[in-house]
Amino acid sequence: MKRIVLFCILLCLFVGVVSADTLITYDAYEGTPGYTTQDTLINMYTHAGDGTLITSYAVYAGSIATDSLTDYYLYHYQSLVSYNTTLPAGSTITAVKATFFASGYVVHNLGGSNSACIIYATPASQTSFVAADYQHTNYTRMATDVTFASIPASPGMVNFTFNAFGIGATNKNGLTTIMLDDSGSVDQTGLTWADTEDNAIGFFSLAHGGGTIPFLTITYTAGATTPVASFTKNHNTLRIPNRITVTDTSTNTPTSWQWSWGDGTANSTTQNPSHQYLKRGVFTINMAATNAGGTGVAAAQAVRVVGYQDVQE
């Protein structure tokens, strides 16, 4: 029995008393077009892409692919994906992970040591993209890069772990849009190609390649919710010199209280106080309950205080 109790204590210490919640949110607009270019290296370096929006090919990010055209990429995908990342008020995000369905083909010849990366994007609209939105608007990484070499040849799940900037840039009150690209294009360095064989990295949606819709996994702690304040009292009529006791029945876990008794005496700040009235009359009891989420005010309640010659309830 002692061992069981000790185990439970150690388990509680290990797990902790604060639990985290998880939100899994899928691409809010399945089928949103990608942006493909057939660029020379110099165009990729200067981000002067001449491609057009793709409306029928549901690839989210092809990153880069080559064929035997020397100095050319067969295609270069930059992908914008929007997610609904609305969380409860006051929540704190502790981790974010972006998951894509991906595969690589002869990746050892493509891009050298380049990686797939997620950068911060600020399109004018997060629900209707235009070609200009696919120009880089901010080169700041939102997540740790995934090297091309680590992407499986057979299609599988690939995860991007958000860094501190990415976590901070995740919108807790609406949509969050990310851009998926390759590091050679973003950093304008290290771009290579193969002129003897095809090479490709592909990130797919459910509509292409039998994959799954891209999704985010957000780990967060929910913020405190403002108390809904309420209380009960043990008397409606009180005879001097007896005391009245009030009991807090508020929800959403208040952490502090303010009670006023209506007779000009000092407020009480304990959760379930008692109070002695020293004069007759009808007095109004008020209570406010507070936590990190805010303050709630309970409905006021009256108490009638009588003397010895009056009839007690």
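Let's see how each residue does on (1) of a type outside the set (K, R); (2) in contact with a strand residue (DSSP E or B) (Cβ under 9 Å, 6 or more places away or on another chain); (3) over 19 Å from G307 (Cα atoms); (4) surrounded by 12 or more Cβ atoms within 10 Å (Cβ to Cβ):
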{"residue": "T251", "(1), (2), (3), (4)": "yes, yes, yes, yes"}
{"residue": "S256", "(1), (2), (3), (4)": "yes, yes, yes, yes"}
{"residue": "W261", "(1), (2), (3), (4)": "yes, yes, no, yes"}
{"residue": "N267", "(1), (2), (3), (4)": "yes, yes, yes, yes"}
{"residue": "P273", "(1), (2), (3), (4)": "yes, yes, yes, yes"}
{"residue": "Y277", "(1), (2), (3), (4)": "yes, yes, no, yes"}
{"residue": "V282", "(1), (2), (3), (4)": "yes, yes, no, no"}
{"residue": "N286", "(1), (2), (3), (4)": "yes, yes, yes, yes"}
{"residue": "N291", "(1), (2), (3), (4)": "yes, yes, yes, yes"}
Mind checking which strands (runs of 3 or more DSSP E) fall wholly inside the stretch 56-144 and carry at least 2 residues that are surrounded by fewer than 20 Cβ atoms within 10 Å (Cβ to Cβ) and at pLDDT 75 or above? 92-105
Answer from A302, A266, A224, A288 - the residue that is more than 30 Å from A95 (Cα to Cα) and assigned to a loop (DSSP other than H, G, I, E, B): A266
Restricting to the stretch 148-181, name every residue that is surrounded by 14 or more Cβ atoms within 10 Å (Cβ to Cβ) and farther than 22 Å from Y26 by Cα. F148, A149
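The values are calculated or read from the model by the stated rules, or taken from the named source; none is laboratory data. Keep in mind the model is a prediction, meaning the values are calculated, not measured. Heads up, the Cβs are rebuilt from the backbone with ideal geometry, glycines too, and the neighbour counts pull from every protein chain shown.
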